[in-house]
Amino acid sequence: MSRELATRPATMPYRARMDPLRYLRGYPPHVLTQVQALIDAGKLGETLRKRYDHAGHAVRDDKALFAYVVAIKDRYMRKADPLNKVIYDNKLHVVSQALGTHTAISRVQGGRLKAAREIRIATVFRDAPEPFLEMIAVHELAHLKHREHDKGFYQLCAHMSRDYHQLEFDLRLYLTAQETESAGAR
């Protein structure tokens, strides 16, 4: 065994060793450098906790989540099709899939085709600060109107949550901090 492999923590996930900034792909190098400096100093999690320390939420179960998301939908998208289901999904894997999904399941009822709209949100948002839950809910609701991540999609997201872009970036930092802190604890 080489000396480098012997000093690397054996329990750290392979993907984390390969790309600790994977949630931030696509951001400019100067931003990645600043984030890496915070990680190296052990201050990324602390910085986010200071910003979002007061932001806990009571949306702990699927019933409360449904009410929370429908309230946002009713405020900004009254004319959009109704939601049939909104749940936390522990099968969504943050790394390999999305943080939330939206689906329209078509069913035949009598002689008509009816669509049931569902939103599933990763369970990581049960314990995440409330602004991050709002951001992912807004994101999935915007998909009811725009399937693609195009200009109209992001305009709708920003309309429903004026700090949408900052929250999306901070959520990526939050996920990075969670992963680096849990890798460091092993």
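None of the figures in this text is laboratory data; all of them are computed from the coordinates on show. In this text the structure is predicted, and so the values were computed from the model without any measurement. Here Cβ is always computed from backbone atoms with ideal geometry, including for glycine, and neighbour counts include all displayed protein chains.
Just a few scattered comments:
- Cβ-defined net charge surrounding Tyr52, 10 Å radius [Lys, Arg +1; Asp, Glu -1]: 0
- The residues packed around Lys43, meaning those with a beta-carbon under 14 Å from its beta-carbon, carry a net charge of 0 if Lys and Arg are +1 and Asp and Glu are -1.
- Within the stretch 104-186, GluC sites (Glu not before Pro) in DSSP loop having at most 11 other beta-carbon neighbours inside 10 Å: Glu148
- Estimated inter-spin distance, Ser182 and Asp53, nm [label 7 Å along Cα→Cβ]: 2.4 nm
- Environment charge at Met135 (Cβ cut-off 12 Å; Lys +1, Arg +1, Asp -1, Glu -1): -4
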